[in-house]
Amino acid sequence: MYKKILFLLAIVPSFIVAQNTIKGTFTPAEQFKFAFLYQVTADTSIFVDNADIAEDGSFVFELKKTQAPGTYRIVYAQPQDEYNFDFLYNNEDIELTFDLDKGVEFVASEENKLWTSYNNSMSMIGQSLNTFYGSGGKKEKDFKKIIQILLNTQTEFEKAAEGKLVLNFITASQPYAPQQLIDAKTFTENAKKAYFSHINFGNPVLQNSNFLIEATLNYVFNFIDNDDKNVSYINNINTVEKAIGNNSKVKKIILEILWNQFAVEEIEPVANHIANTYLLDIARKTNDNELVKELTYFKNASVGNVGQDFEIIIYDEEGAATAKKMHDLDEANNYLVVFWSTTCSHCLDEIPELHKLVKTLDKGQLKVIAIALDEDRYRWKDMTYKFPEFYHVFGEGKWDNPIGDNYNVKATPSYFVLDKDKKIIKKPYDFKAFETYFKTLPKPEPKVEVNDEDELDLEKE
């Protein structure tokens, strides 16, 4: 899961008297060296304290009187957005254990023990419902018994959580509970419709936690039609956007996280739907120019879009140079735009293999345009002589090159297969993937040359 986290240092005077402690033990102790404590907010995480891990795995954080209740995060390794866990703090001493295999368990903390117990109880009830439907799901008496347990459990936990921070999370998690027996399909459809009934996106306690993000991701990725996942994803995202309502700050955070999720998975139609329908407009209104660029570059480089144009210097046999736009090329059935670098080890393995393949192809099958994202023009020029079958472009500035930006290049080598109209049709992961895909493309039909005598014969006929 993608998490947008920015770590900010908050300096607090050290002379304030400590009020509560957060202490615990990491297992296995030898694998942990440090722990950092952050307070979670809607769009960032604020540094609170750090602690060394003792030889027995123990650690202690001493909190100040002014420390606000809310969701907190302990980071125990790098990268920080992967190695962490969250918990609730509400002016109480907390003791916990954390095991790499078992996760976090709370020894002392009413808030966190209640939240853990609630989730475990609801999980068990969910298993009972799955077992009921899995066995046929015909007896209404058994169904109503499970639903009554669900309702009683929800009520009991809400009562136990009165006056506590965790009540916000328990009420927002209230599950769908039909009064009468319904089939499994109808249950799922109704549960989907009721999913956001108790979730208030304007609740600041929920905003300053991962709850809204996780609830949204669960909805988008769990309620899908496997026959047409992309349509399901898009419909679910539209529902999420409506459920968020006018909370523009929360909407931007959640939609950006969703966009990143689909972008990383290279599910381009869904990522571009989020950008085009919602996120680009929000980014412009909030003057987030970096996000506008990121969304635009991703869209430009998506399959189905015409590849962004750029200039190529072409040399003839006498060495005379001609400048030509990539869009004006008309010499092949397909084009391969490959981004590489003279200092990239994978490139130095794959580019020679690509050149070897090109030399075996018929004229008009493929033209390779090799763009070197580089800083040393002389080294690049020397290396281009090894690959005379390619058109070469020097992408000065390396990662700050406009051609690389327009193709959303994040690593080298990167491959873009274009058709004769310069539309992107495939983005292979590496040379082998390109080679496999290229074999599936139709070869160009041979051109029939017509001489003057043939033309005269046709005129006679």
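The values are calculated or read from the model by the stated rules, or taken from the named source; none is laboratory data. These figures come from a predicted structure and were not determined experimentally. Cβ: placed from backbone, ideal geometry, glycine included. Neighbour counts: every protein chain shown. We work out accessible area using only protein heavy atoms, side chains counted, and drop any ligands, DNA or RNA first. Shrake-Rupley method; radii C 1.70, N 1.55, O 1.52, S 1.80 Å.
Numbers at a glance
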{"quantity": "For P(r) over Cα pairs in 10 Å bins from 0, in percent, calculated from these coordinates, the label among (1) 5, 22, 32, 24, 11, 5, 1, 0; (2) 4, 18, 29, 27, 16, 5, 1, 0; (3) 4, 15, 20, 19, 17, 13, 8, 3, 1, 1, 0", "calculated": "(3)"}
{"quantity": "Over 27 Å between alpha carbons, listed pairs K65/K285; K64/K251; K251/K299; K242/K426", "calculated": "K65/K285; K64/K251; K242/K426"}
{"quantity": "Cα gyration tensor category, rounded, prolate or oblate, for region 133-266 with a/c compared to 1.5", "calculated": "oblate"}
{"quantity": "Whether region 13-81 is rounded, prolate or oblate, judged on the alpha carbon gyration tensor where a/c under 1.5 counts as rounded", "calculated": "oblate"}
{"quantity": "Computed over the chain: relative contact order in percent, which uses C-alpha pairs under 8 Å that are six or more apart", "calculated": "9 percent"}
{"quantity": "Exposure rank, largest accessible area first [D99, D227; 1.4 Å]", "calculated": "D227, D99"}
{"quantity": "Theoretical gain in end-to-end length, E30 to K139 [0.36 nm per residue, Cα-Cα removed]", "calculated": "33.9 nm"}
{"quantity": "Spin-label model distance (nm) - D101 vs D400, 7 Å beyond Cα toward Cβ", "calculated": "5.0 nm"}
{"quantity": "Virtual spin-label span in nm between K285 and T360, 7 Å along Cα→Cβ", "calculated": "5.6 nm"}
{"quantity": "Nearest-ten-degree value, helix 211-222 long axis tilted from longest Cα axis of the chain", "calculated": "60 degrees"}
{"quantity": "Additional length obtainable on full extension of the chain from N91 to E375, 0.36 nm per residue less Cα span", "calculated": "96.7 nm"}
{"quantity": "Förster-model FRET efficiency, 45 Å R0, A184 and E389, C-beta, rounded to 0.05", "calculated": "0.15"}
{"quantity": "Gain in span if fully extended, N50 to A194, counting 0.36 nm per residue against the direct Cα distance", "calculated": "47.7 nm"}
{"quantity": "Separation of alpha-carbon centers, region 173-193 and region 371-396, rounded to whole Å", "calculated": "61 Å"}
{"quantity": "Share of carbon and sulfur in the accessible heavy-atom surface of region 132-174 [1.4 Å probe, %]", "calculated": "50 percent"}
{"quantity": "Length-normalised contact order for region 41-88 - Cα pairs under 8 Å, 6+ apart - percent", "calculated": "25 percent"}
{"quantity": "Whether region 113-190 is rounded, prolate or oblate, judged on the alpha carbon gyration tensor where a/c under 1.5 counts as rounded", "calculated": "prolate"}
{"quantity": "Accessible solvent surface per residue of the chain, calculated while the other protein chains remain in place, 1.4 angstrom probe, Å²", "calculated": "56 Å²"}
{"quantity": "Residue list for region 163-177, given a label point 7 angstrom along the Cα-to-Cβ vector of N218 and an amide N cut-off under 19 Å", "calculated": "165-177"}
{"quantity": "Region 108-162 and region 254-296: distance between their alpha carbon centers, rounded to Å", "calculated": "37 Å"}
{"quantity": "Region 292-393, accessible surface, carbon-and-sulfur percent (1.4 angstrom probe)", "calculated": "47 percent"}
